[in-house]
1. Show that you can apply the helix-only estimate: for chain B, add -39,500 (n - 2.57) for every DSSP H stretch of four or more residues, divide by all residues, and state [θ] at 222 nm to the nearest 500.
2. Which is farthest toward the positive dipole end of region A:42-194 among A:VAL80, A:GLY193, A:GLY148, measuring Cα position about the Cα centre, with Cβ charges +1 (Lys, Arg) and -1 (Asp, Glu)?
3. Hull surface divided by four, with the convex hull built on the Cα atoms of region A:130-297: how many nm²?
4. Please grab the % of Cα pairs in chain B that end up more than 28 Å from each other.
5. Treating the protein assembly as shown as a set of equal point scatterers at the Cα positions, no solvent, please give the Debye-formula log₁₀ I(q)/I(0) at q = 0.06, 0.07 Å⁻¹.
6. What is the distance in Å between the Cα centroid of region A:238-303 and that of region A:7-80?
7. Going down the list A:LYS29/A:LYS300; A:LYS202/A:LYS274; B:LYS302/B:LYS341, which pairs span over 32 Å between their C-alpha atoms?
8. Under 15 Å from the Cβ of A:ARG53, count the other residues' Cβ atoms, weight Lys and Arg +1, Asp and Glu -1, and hand me the total.
2 protein chains.
Amino acid sequence: MAVKTYREIHLINRPEGTPTDQDFAFVEKDIPSIKENELLLKTLYLSVDPYMRGRMRDVKSYVAPYKLNEPMNGGVLAEVLDSKSDRFQQGDIVTGTLNWGEYNIVQANAVQKVDPSIAPITTRLGVLGMTGLTAYFGLLDIGKPQAGETVVVSGAAGAVGSIVGQIAKLKGARAVGIAGSDEKVDYLVNELGFDAAVNYKKDSFEDDLKKAVADGVDVYFDNVGGPVSDAVILELNRNSRVVLCGTISSYNNPAEDLGPRIQWKFITTSSMMKGFTLGDYASELKTGAVEMAKWFQEGKLKYEETIIEGFDQTLEAFRGLFEGSNLGKQLVKVADPEIAKL
Amino acid sequence: MAVKTYREIHLINRPEGTPTDQDFAFVEKDIPSIKENELLLKTLYLSVDPYMRGRMRDVKSYVAPYKLNEPMNGGVLAEVLDSKSDRFQQGDIVTGTLNWGEYNIVQANAVQKVDPSIAPITTRLGVLGMTGLTAYFGLLDIGKPQAGETVVVSGAAGAVGSIVGQIAKLKGARAVGIAGSDEKVDYLVNELGFDAAVNYKKDSFEDDLKKAVADGVDVYFDNVGGPVSDAVILELNRNSRVVLCGTISSYNNPAEDLGPRIQWKFITTSSMMKGFTLGDYASELKTGAVEMAKWFQEGKLKYEETIIEGFDQTLEAFRGLFEGSNLGKQLVKVADPEIAKL
């Protein structure tokens, strides 16, 4: 190990609108020698996720805001380069919520071991990790899709949406995806087996949607908010359920997010909507992970990853989420492992 | 019975904005002789309710629209003047969904008998009728108030809202009312025992609301929609429940009802909102009616009625709902009974 320093990405301004390079700083740090029970981790992959935009604001929410002049953090896959814990050895692959840094020095209990023989390790940041479980609990606990019902998901080609549609199919429901390009629409229908998909960027979106949900909408899993959701809500059936996961359409919008009030539609259809975050299911995560792993092993869950190479590209990858440049899970590949053979 | 004719109120135009006299016609009809199993009913009181505005539109909803050139209908209390059914005799008091007419000729199974010895008969159109049960099921089944929680209700001095706050108190919750005058605010706190109430027509409304719900809002029972609800939603606590009963603020508004999108707040607080109408609880109405009657007999439910005299005043009474001119249940007294001694 000739490396003596590494870089971290710190938030230095609270962005207005789309985050720019000027809102962040690459900060160089020395690699310290680790103490008892600590691990030195080399980042292999890091996850960029839309919810991080919310944490860049200085407002109380379900997770604390990122602090200024401190590192960003999120889901990370890393290799243990040095360990002063009995539980880990050099070459182990681990995951946890870690700093956006080329290296992390952490307490051993801050990470969990990843078994590379079960599935490609990157699935632990996607279909078998936070985004897959978000799809699982939101759809099944709030949406409760029944066989024969129509489930619509927005952001359908993204990390969460692509899994939502597939779980809906596993439950015998009809899956209709909304995405932002004809390529994504093709992917949803032809690769993932959605029953229909529509491109919200087309002028014909509202008509296309109506045709795709001719029997109305029973479950709407909403990742995007904004005008796309306004259109879906007009198609809700009686006793429908709207699962609120994200409003990515407004995250970079500094103006107030105005639209038609929706309460009347929920009254006239006796429908329900509920927001959630994965933290609501902290005590049930293991159950979900077991069922998701089972479906995955059985080949019932397909997934896609969009991987940008290079720690320098992290901000570009993050901004790409809001332009829909990702198919499936957006990851940044930071480095190859030094010891582990994957 | 010298009377040979009676009047009905027919809808003749679908109103734009506030319904005018020109949207309705008083139509004179002959009183026919009744046939086997029919009743001739004399209307004593009729109920005017905000939901009726929705039925004046020609749109699919949870109840069919009123038909043009046919009588309006709704909750009515009437006296049996003539009966060709074994189940009813002259002088019986009955209630049902009947035409807005000075008389009704109906099949015997269209009405239920009202026992005037249990409670004033008008309670069957309010606290012990549809509006009381709407408060009961919406608050208890959707809102699920827990002891110590804060329940906010808009339209709090109306027929539904005034009961919602009192049931919240019976469940050990803190009740906060929103109403449109200082007199109503006084009534809620000093007569009905609400813990606090605020006047939404004051410039200080948003500040007043924040003070009244210093610990946030756990349950919001919404009768009004619009900017009042926008303000309440900003104060929602984690895991709060919003009960959608009505959006009276927009019923007479011909323009699109625009406002801030609210999905983000439901996500960051894992909150839920659900619309309903009393029809959702058709199979449980009896259970609710029994518990409401018990509370009423125990003196735990106070109620107020605003009674306008004269069938001619029906449209004025209906329009008054949207100006907040009613305290509690708005009724029209059409006639005194001819036979029954109440």
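The values are calculated or read from the model by the stated rules, or taken from the named source; none is laboratory data. Bear in mind the structure is a predicted one, so any value in this text is a computation, not a measurement. Methodologically, a virtual Cβ is constructed for each residue, glycine included, from the backbone with ideal geometry; neighbour enumeration extends over all protein chains shown. Ligands, DNA and RNA are excluded from the accessible area calculation, which covers all protein heavy atoms including side chains. Shrake-Rupley method; radii C 1.70, N 1.55, O 1.52, S 1.80 Å.
1. After summing the helix terms and dividing by residue count, I get -6000 deg cm²/dmol.
2. Positive-end residue among those listed: A:GLY148.
3. Taking the Cα atoms of region A:130-297, their convex hull projects to 9.8 nm² on average.
4. 43
5. -0.44, -0.57
6. 25
7. Check vs 32 Å cut-off fails for A:LYS29/A:LYS300.
8. With Lys, Arg at +1 and Asp, Glu at -1, the net is -3.
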